[in-house]
Structures are given as structure tokens and as C-alpha cells.
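Structure, as C-alpha cells:
No value in this document is a laboratory result; all are computed from the given coordinates. The model shown is predicted, which means the values in this text are computed figures rather than measured ones. Positions of Cβ are backbone-derived with ideal geometry, glycine not excepted, and every protein chain shown enters the neighbour counts.
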Amino acid sequence: MENPAPSFAAMEVKPISNSPSRTRVMCIDDSADMTEMLVTLIRNETSLENVGTLDSADGVVDEVRRSGAQVLVIDLTMPGVPPLEAIRDVCREVPSCQVIAFSGYDDLATQQAAMSAGAVELVSKRGEPGDVIAAIHRVVGRKPTL
């Protein structure tokens, strides 16, 4: 019998903090329309703060450090540095930042690749716009166990 594929829901997590301050969110997507939508959704949430956007994953570790982002929402298909590589780099270099993969692809292979890279959630672009906000709220109070 085959072992079931790992899932995001099965990840062990522990709280990042119980701080009442706003969660700092950075968004990376090569689509200006998608980025604008994400920023608008974040700005409409009083508990969230947009701390920057990028149109590629180039330089993402430095930008996450500079902005103090606690959550990174990143598209999985963009030119430049491969997004899965960028996720690995952020998770290794800035482990306090939780990564949410945001993709038009939500098949099992894509989910596994995102999870293996270090993403704590994968949100499908084919879902509702509010799905990414719900995912941010889910990861705000948790961090993968080390």
C-alpha cells in the first residue's frame, strides 16, 4: 500500500507570537493586476499591512529582510529566479517569514513541490480572491516546527 502524499494540513506548527500588531505581508507576482488585487485585499484587512511588492523573485531575501515581512505570498510561475528556489532561500535565510505559494496550478505535484520548498500553504488562483486572505490568517499564528 502506498503512503499518502504529505499535505499542508498535516504540518506540525507552533505559534509565531501572540502580538496584537498588524501582520506584515509582501506579495510577489509578475501580473500587475494580480498584485494590485492582493494589495487591495490586504489593505482592507485591519490586521494586515502590505510592506511591499515585487514582480519577480529576484532579490526576495533582501526585500523580505528589509521590509520585515512576516508572510510572503509568491506566484509559482514567473521569469527570473525560479519561485521554488526563492521559497527555499527565504525559508532558509529568514525562517521567521511564512511563505504562501499562490498559483494557477494546484495539482498534487505542484502542491508537493511548494511544500518541499518550504511553503506552508498553496492557494489556487482559480479560487475566490478572499482565499489568499484566509490563508494569511491561518498562517499568522503558526510556524513550522524546527
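Return the residue satisfying two criteria in turn: it lies in region 63-88 and is of a type outside the set (Asp, Glu) and farther than 18 Å from Ala114 by Cβ, and of such residues it is surrounded by the most Cβ atoms within 10 Å (Cβ to Cβ).
Gln70
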Would it be correct to say that Val60 is in contact (Cβ under 8 Å) with a residue 40 or more places away in the chain, among the β-branched types (Val, Ile, Thr), buried (at least 23 other Cβ atoms within 10 Å of the Cβ) and within 22 Å of Ser31 (Cα to Cα)?
no
Can you tell me which of (1) of a type outside the set (Ser, Thr, Tyr); (2) surrounded by 14 or more Cβ atoms within 10 Å (Cβ to Cβ); (3) in contact with a strand residue (DSSP E or B) (Cβ under 8 Å, 6 or more places away or on another chain); (4) in contact (Cβ under 8 Å) with a residue 12 or more places away in the chain is the one Asp131 doesn't meet?
(4)
State whether the residues of region 110-130 include one that is acidic (Asp, Glu) and either over 22 Å from Leu41 (Cβ atoms) or in contact with a Cys (Cβ under 8 Å, 6 or more places away or on another chain) (or both).
no
Criterion first (under 14 Å from the mean Cα position of the chain (by Cα), without any contact (Cβ under 8 Å) to a residue 12 or more places away in the chain and part of a helix (DSSP H, G or I)) does Ala109 satisfy it?
no
